[in-house]
Amino acid sequence: QVQLAESGGGVVQPGGSLTLSCAASRSIFSRNAMAWYRQAPGKQREWVAVITDGGITIYADAVKGRFTISRDNTKNTVYLKMNNPKPDDTAAYYCNTRDRSKFGTWGQGTQVTVSS
């Protein structure tokens, strides 16, 4: 059973816009804070944005003011809208719970490449 499935990645120009989606299983999504993570080649996976079950959001400094995380609790889906992306945002993007102890099986991720 697939627990997490990311989609929406691609090639985007600096200053453009892209929206990522993550469909999660109900057992992973329900009542849990969800997060987007990313991993660039040769670097460790890092968190990007968090959204609680109630809709409170937190962002890493690197993306604050440019990215927006949201969730649809009726669809067990979390989104990441990337505005004004920069080349340093190039990475594979993943979603999972914010709480490490509740991690689901990682999905395949979705690749985002920011390039002109």
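Just one of Thr68, Thr105, Thr74 is more than 15 Å from Glu6 (Cβ to Cβ), open to solvent by 10 Å² or more (accessible area, probe 1.4 Å) and more than 11 Å from the chain's Cα centre (by Cα); which is it? Spell out how you get there, then give the answer.
Numbers: Thr68 fails: more than 11 Å from the chain's Cα centre (by Cα); Thr105 fails: more than 15 Å from Glu6 (Cβ to Cβ).
Result of the check over Thr68, Thr105, Thr74: Thr74.
Anything in the range 1-45 that is among the aliphatic types (A, V, I, L, M), more than 21 Å from Asn84 (Cβ to Cβ), assigned to a loop (DSSP other than H, G, I, E, B) and modelled with pLDDT of 95 or more? List them, or say none.
Of everything in the range 1-45, just one residue is among the aliphatic types (A, V, I, L, M), more than 21 Å from Asn84 (Cβ to Cβ), assigned to a loop (DSSP other than H, G, I, E, B) and modelled with pLDDT of 95 or more, namely Ala33.
Could you check, for the range 43-52, whether at least one of its residues is more than 18 Å from Ser115 (Cβ to Cβ), in contact (Cβ under 8 Å) with a residue 24 or more places away in the chain and in contact with a Ser or Thr (Cβ under 6 Å, 6 or more places away or on another chain)?
yes
Looking only at the range 77-99, which residues are open to solvent by less than 40 Å² (accessible area, probe 1.4 Å) and either hydrophobic (A, V, I, L, M, F, W, C) or within 10 Å of Ala33 (Cβ to Cβ) (or both)? Give the steps one after another, and end with the answer.
Of all residues in the range 77-99, those open to solvent by less than 40 Å² (accessible area, probe 1.4 Å) come to 77-78, 80, 82, 85, 89-97.
Hits for the range 77-99 are Val78, Leu80, Met82, Ala91, Ala92, Cys95, Thr97.
Failed condition for Ser116, given (1) over 14 Å from the mean Cα position of the chain (by Cα); (2) surrounded by 18 or more Cβ atoms within 10 Å (Cβ to Cβ), with all others met?
In the conditions (1) over 14 Å from the mean Cα position of the chain (by Cα); (2) surrounded by 18 or more Cβ atoms within 10 Å (Cβ to Cβ), Ser116 misses (2) alone.
The values are calculated or read from the model by the stated rules, or taken from the named source; none is laboratory data. This structure is a prediction, so every number in the text was calculated from the model and none was measured. Positions of Cβ are backbone-derived with ideal geometry, glycine not excepted, and every protein chain shown enters the neighbour counts. Side chains included, ligands, DNA and RNA excluded: accessible areas come from the protein's heavy atoms. Shrake-Rupley method; radii C 1.70, N 1.55, O 1.52, S 1.80 Å.
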